[in-house]
Amino acid sequence: MKKMKIFLLLCLMFLISVNLAANDYEFRSQGGHIVPMNVSDIVIKSEKIHFKMESVKADYEMAEGMTVTVKFVFDSPEAGERYIGFITPESAQEEWLSDPENREEANEDYNFRNFKTSVNGKNVGMKMYKLTDFLPKDIKQLEEIKKYFKEYDKAKAKADADYYRKSYVYFFKANFKKGENVVEHSYHYGGIVGSISNDFNYVWTTISKWKNQKVDDFEVIVEPGNAFIEIPEIKMKNGKRVDWELIGEGNIDYGYKKYDGDNVKSRVLYAKLKKGYLRFKTKDFSPKDEFRLREIRTLNLEDYFPEKTEKGFRYTDDLMQAAYNARLLKEDELKKISDADLNIMKNYPYALKGYDFSDKKLKDYFSKFLWYVPIGKNVELYENDYEVIKDVEKIMKSRKK
């Protein structure tokens, strides 16, 4: 039994990376335990994923995040029970979770909720277990895992086991018939929420664990609502890239940015929609990269953004930097800023949220930025947005004295 527990734990560790929601994966049941399959004998004929950014009702308040809806069509060589699911750490960021007390607190609030699953039109229940239910006190017998994976790093496996000790296993039982089977399920995913950004990740390279290591017909839709988002370029194993199509109205364009610790500029899609969604469709989908999306909640990100996008849209300028650092400006710097510029600075948070300015000068000014897409007068600001406005208004009031 002890070896079985170790086998389960380490199999789980190799399936996903830190802070990622995982694509569906097949398990098998042995001795009452759910064990991930190394390679399935089932083919994915089609897969459609829908990411919709929205808030849903939680226990005491609205929970921000995105609703993930997935529809699979599988081709099974035989009838029988199949266990399908994923494993994930729960909530928060890696650095914050390094403190055991924080890790306990994070797991009190589930990062995944509202599961709905059906197999061939019949509703099935999603089961959830803590990995601690399977975690033995002694994890020295890591050799058990070697025969199941070509690449094995003992030190990494130990580190993963320590990190994931508060993770959860989500799975459901599918009664498959021989031939075509339709699996549909959805859940709400909280992402990694911060004051300046909200990160969402989805593992779809587990497609390589199904029989043909690809999806015959694949489609993904991203419905960001009014959020300003970035999606790093995604490449497939055949070298082709995922090219997003805008269905609706808004601004989308590519730029190049550097990620932390990376000296190479990466191509990133930026999008701000008035209505509609982004879509990608292809045949024989075999991804090399995972799906990552960041909601940019404030313009004051400590991150590198391109000076201009490929179409010439701007992301930032000197006035924007001044607005988000107004309380730090020195007296000689403030003297260089005109009253008209202060009015622009005060309105950056409103512009990011899509406020439709009646003042033509303001509308024309902000229209050079990719993230400015007018949607109406009723926009919702975050708490840190009001801090920016307050800081600039303080300067404006001091000039009237």
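The values are calculated or read from the model by the stated rules, or taken from the named source; none is laboratory data. Keep in mind that what you see is a predicted model, and the values were worked out from it rather than measured. No Cβ is skipped: glycine too gets one built from the backbone with ideal geometry, and neighbour counts run over all protein chains shown. These accessible areas exclude ligands, DNA and RNA; they are computed on the full protein's heavy atoms, side chains included. Shrake-Rupley method; radii C 1.70, N 1.55, O 1.52, S 1.80 Å.
Legend: calculated FRET efficiency, Lys258 to Lys288, from the Cβ-Cβ distance at R0 = 22 Å, rounded to 0.05, equals 0.60.
Put simply, when 341-350, 390-399 are sorted by average Cβ atoms within 10 angstrom per residue, most first, you get 341-350, 390-399. Ordered by solvent-accessible area of protein heavy atoms (1.4 Å probe), largest first, the residues Glu26, Glu180 come out as Glu180, Glu26. Maximal additional length on extending the Phe115-Asn212 stretch stands at 32.1 nm, based on 0.36 nm per residue less the C-alpha distance. Stretching the chain fully between Glu54 and Glu387 yields a gain of 117.4 nm (0.36 nm per residue, less the alpha carbon separation).
Grouping the Cα pair distances of region 219-303 into 10 Å bins from zero gives a pair-distance distribution of 16, 48, 31, 5 percent in increasing distance order.
Charge dipole (Cα centre; +1 on Lys/Arg Cβ, -1 on Asp/Glu Cβ; no other charges) of region 317-401 amounts to roughly 360 debye. Per-residue SASA remark: Glu245, around 80 Å² accessible (1.4 Å probe; ligands, DNA and RNA not included). Extent along the principal axes, Cα only, for region 309-401: 38, 30, 24 Å, with the longest axis given first.
Taking the three principal axes of the alpha carbon atoms in region 270-351, the coordinate ranges are 60, 26, 22 Å, sorted in descending order. So, counting K/R as plus one and D/E as minus one, what does the shell of residues with Cβ under 13 Å around Asn175 add up to? Surrounding charge for Asn175 is +3.
The 1.4 Å probe gives accessible areas that order Ser195, Ser367, Ser266, largest first, as Ser195, Ser367, Ser266. Taking Ile196, Ile252 and ordering them by how much accessible surface each has at a 1.4 Å probe, largest first, produces Ile196, Ile252. When peptides 113-126, 283-296 are ranked by their average number of other Cβ atoms within 10 Å per residue, the highest-first order is 283-296, 113-126. Hey, which of these cross-link pairs are over 30 Å Cα-Cα: Lys127/Lys274; Lys57/Lys209; Lys122/Lys275; Lys57/Lys173; Lys127/Lys211? Result: Lys127/Lys274; Lys57/Lys209; Lys122/Lys275 exceed 30 Å.
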